[in-house]
Amino acid sequence: MSDQDYPPQPPIATGLAGRCPRCGQGKIFDGFIALKPRCQSCGLDFSFADSADGPAVFIMLIGGFIVCGLALWLEVSFEPPWWVHLFTTFPVALIVCLGMLRPLKGVMVALQYHHKAEEGRLER
């Protein structure tokens, strides 16, 4: 079956859910963030997907804002010893960063499919 045989899927919703960007049914992840080779429902080959460092950049920006904001607020409001930061800010950083990694990678893969993104080539 070709891409025209499937109704268009919303890339953000399918990416956040970790579903196939073509059919919206099959799962794209094999493990935590490793992509499956193909969709078990429609057979879409996921070799086109190369999210590279895109999700990591967004996570650093968004997660860094949240975690640094928390650490600054904690320091200014309570002036705790350093070990309080270790036991509060560090777990929040892990939860925020790891919690956003899989959904953002799914969104990047779905957007690549939706916009037919591929590696650039020089024309001669």
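The values are calculated or read from the model by the stated rules, or taken from the named source; none is laboratory data. Predicted model only: the values in this text are computed from it and were never measured. All Cβ positions, glycine included, derive from the backbone under ideal geometry; neighbour counts span all protein chains shown.
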Residues within region 51-101 that are assigned to a loop (DSSP other than H, G, I, E, B) and under 23 Å from residue 11 (Cβ atoms), tallied: 3
Hits in region 4-50 (condition: in a helix (DSSP H, G or I), within 14 Å of residue 107 (Cβ to Cβ) and in contact (Cβ under 8 Å) with a residue 24 or more places away in the chain): 11, 12, 14, 15, 16, 17
Per-region count, region 61-94, residues under 28 Å from residue 16 (Cβ atoms), aliphatic (A, V, I, L, M) and exposed (fewer than 13 other Cβ atoms within 10 Å of the Cβ): 2
Search result, residues across region 1-29 that are exposed (fewer than 14 other Cβ atoms within 10 Å of the Cβ) and modelled with pLDDT under 95: 1, 2, 3, 4, 5, 7, 8
